[in-house]
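The values are calculated or read from the model by the stated rules, or taken from the named source; none is laboratory data. As the structure is a prediction and not an experimental result, all values here were calculated from the model. Cβ placement follows ideal geometry from the backbone for every residue including glycine, while neighbour counts extend to all protein chains displayed.
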């Protein structure tokens, strides 16, 4: 069952603790990789995702033009400012299944969140989805590559997927090509007895599958969480 909570989650608190330690004891902010290492988060894009949330809540300030450009906001008493919006979104954790590009095989987590590591998950506001959305059917993937850039899906972005084994023409899906044992994120089209997997990048050709039985649909994209650009570290 999806976990529900309000306000700061465990990962938010870990990142704030890292920032406070560096600000009080080191004298300069940590890098994205240092935050990830200290907070036990392996993906830099996931670290950025939580930093963006903390910035929106008013806990930190960020300057993306410079390396280590972040600052923990405190009031005169030395306490964290509690200026979260009056109506805080209820959030839930979506299992992070891995990365998807054109070659790396991932295994979608079981439907229903039977067992998953909460440290490998993405917190998402429930208000981003329609009320009828079955939260137990969702999982997350980190995008590897630029084949979908014209669909505003860039390298390092997080796509929230819904478990599915069928798709309509034009839907963006995660598919496994069983004959090549590879997975990819593409637009799906079934036409003339074949399957066309269409990239959203004019420099790339579509993948034409002559035998549709070699195409295994694993999920449909329902939300894209974009990675914020930051200065090189």
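Here 61, 55, 20 are screened, and the one residue that is surrounded by 13 or more Cβ atoms within 10 Å (Cβ to Cβ), without any contact (Cβ under 8 Å) to a residue 24 or more places away in the chain and either out of contact with any helix residue (DSSP H, G or I) (no Cβ under 7 Å at 6 or more places or on another chain) or over 20 Å from residue 121 (Cα atoms) (or both) is 55.
For residue 160, the test of being touching a helix residue (DSSP H, G or I) at 6+ places or on another chain (Cβ under 9 Å), closer than 24 Å to residue 8 by Cβ, surrounded by 15 or more Cβ atoms within 10 Å (Cβ to Cβ) and modelled with pLDDT of 90 or more is passed.
Restricting attention to the range 180-200, the residues that are within 21 Å of the chain's Cα centre (by Cα) and either at pLDDT 90 or above or not assigned by TED's automatic domain parsing to the domain that holds residue 168 (or both) add up to 6.
Would you call residue 167 surrounded by 16 or more Cβ atoms within 10 Å (Cβ to Cβ) and either assigned to a loop (DSSP other than H, G, I, E, B) or on the phi > 0 side of the Ramachandran plot (or both)? The answer is yes for residue 167.
The set of residues in the range 110-132 being at pLDDT below 55 and either crowded, with 17+ Cβ neighbours inside 10 Å or touching a strand residue (DSSP E or B) at 6+ places or on another chain (Cβ under 7 Å) (or both) consists of 111, 113, 116, 118. Does residue 2 satisfy the criteria of being under 21 Å from the mean Cα position of the chain (by Cα), surrounded by 14 or more Cβ atoms within 10 Å (Cβ to Cβ) and at pLDDT below 85? It is true that residue 2 is under 21 Å from the mean Cα position of the chain (by Cα), surrounded by 14 or more Cβ atoms within 10 Å (Cβ to Cβ) and at pLDDT below 85. Scoring residue 178 on the criteria (1) in contact with a helix residue (DSSP H, G or I) (Cβ under 6 Å, 6 or more places away or on another chain); (2) within 19 Å of residue 48 (Cα to Cα) leaves a single failure, condition (2).
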